[in-house]
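Novice: Sharing a structure here in structure tokens format.
Every number in this text was worked out from the coordinates using simple rules, so none of it is lab data. Note that the structure is predicted; figures quoted are calculated from it, not measured. Cβ sites come from the backbone with ideal geometry, for glycine too, and all protein chains shown count toward neighbours.
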Amino acid sequence: MLPEALKQRIIPVVTACALAIATVFVGFFEGKENTAYRDIAGVWTICYGHTGDVKAGDYKTDAECDALLQQDLKPAFHAIDRLVTVPLSELQRAALASFIYNVGTGAFERSTLLKKLNRGDLIGACNELRRWNKAAGQVWQGLTNRREAERMLCLEKL
């Protein structure tokens, strides 16, 4: 067993690894828009899919967008830590963080994906990602592509 002092130094590094992977992954699929726009669901959005305090005419620099993405991913990782009861690889954590970032913590908390995951059915849970390819009731190719990539990342270490 690792000494507690060493363990406490390793945990932030491991978390940073998953965050780095998720940042690249989310950035790739969200794309970056420095000027506010309405997304496919009609929600005001900026940077890498940041919502909430966004309004028409808002502008963010590249550095501000990067900082927002880091900030916006933290709740996804907190949800994973709080809700998932089985061990995950860092690639699985990154895949789930991307998914949660996109669909929200509440949707993840109520999902069959989480139920399967916590039953130890990692393959079944990763395959559930494919079902989340709709926005505003319509299947979107971009979401289908993203879910397949999240699924592949989720299954990478299995």
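Novice: For the stretch 84-158, build the convex hull from the C-alpha positions and give me its volume per residue in Å³.
Specialist: Normalising the Cα hull of the stretch 84-158 by residue number yields 76 Å³.
Novice: Under a point spin-label approximation (7 Å from Cα along Cα-to-Cβ), what is the residue 8-residue 156 distance to one decimal in nm?
Specialist: Going from the residue 8 label point to the residue 156 one covers 3.1 nm.
Novice: What is the order of 32, 134, fewest Cβ neighbours within 10 Å to most?
Specialist: On the way: 32 15, 134 11.
Fewest to most other Cβ atoms nearby, the residues stand as 134, 32.
Novice: For the stretch 36-135, just run the numbers: alpha carbon Rg, then divide by 2.2 N^0.38 Å, N being how many residues it has. If you can, show how the numbers build up before the last one.
Specialist: On the way: Rg = 14.9 Å, N = 100, 2.2 N^0.38 = 12.7 Å.
Dividing the Cα radius of gyration by 2.2 N^0.38 Å gives 1.18.
Novice: Between 61, 112, 144, where does the largest GNM mean-square fluctuation fall for the chain, given springs only between Cα atoms within less than 10 Å?
Specialist: In this elastic network of the chain, the residue with the biggest mean-square fluctuation among 61, 112, 144 is 61.
Novice: What is the extension gain from residue 139 to residue 35, computed as 0.36 nm multiplied by their sequence separation minus the C-alpha to C-alpha distance, in nm to one decimal? Mind dumping the intermediate values first?
Specialist: Values: separation 104, 0.36 × 104 = 37.44 nm, distance 2.59 nm.
That works out to 34.9 nm of additional length.
Novice: Please report Rg (one decimal) and Dmax (integer) in Å for the Cα set of the stretch 61-114.
Specialist: 11.9, 39
Novice: Would you list 21, 100, 40 from fewest to most Cβ contacts within 10 Å?
Specialist: Details: 21 18, 100 25, 40 12.
So the ranking, lowest neighbour count to highest, is 40, 21, 100.
Novice: Using alpha-carbon pairs under 8 Å, 6+ residues apart, how would you state the relative contact order of the chain in percent? Could you put the intermediate results ahead of the total?
Specialist: Values: 190 pairs, mean separation 30.3, N = 158.
Dividing the mean separation by the residue count of the chain yields 19 percent.
Novice: For the chain, list the DSSP H helices whose alpha carbon atoms reach 15 Å or more along the long axis and whose average Kyte-Doolittle value is 0.0 or above? Can you show the working numbers first?
Specialist: Values: long enough: 4-30 (38 Å, 1.31); 62-83 (32 Å, -0.25); 90-103 (20 Å, 0.53); 141-155 (21 Å, -0.73).
Length and hydropathy pass: 4-30, 90-103.
Novice: Quick check: Cα centre of the stretch 17-49 to Cα centre of the stretch 78-129, how many Å?
Specialist: 20
Novice: Isolated Cys in the chain by the 4.7 Å beta carbon test?
Specialist: 17
Novice: Also, I was wondering about something else. Would you order 29, 99 from fewest to most other beta-carbon atoms within 10 Å of each residue's own beta-carbon? All intermediate terms of the calculation are to be shown ahead of the outcome.
Specialist: Numbers: 29 19, 99 27.
Fewest to most other Cβ atoms nearby, the residues stand as 29, 99.
Novice: Between residue 63 and residue 118, with labels modelled 7 Å along Cα→Cβ, what's the label distance in nm to one decimal, could you check?
Specialist: Each label point lies 7 Å from its Cα, and together they span 4.2 nm.
Novice: Run the numbers on the stretch 65-158 and let me know its relative contact order in percent, using alpha-carbon pairs under 8 Å that are six or more apart.
Specialist: Details: 93 pairs, mean separation 28.8, N = 94.
For the stretch 65-158, the relative contact order is 31 percent.
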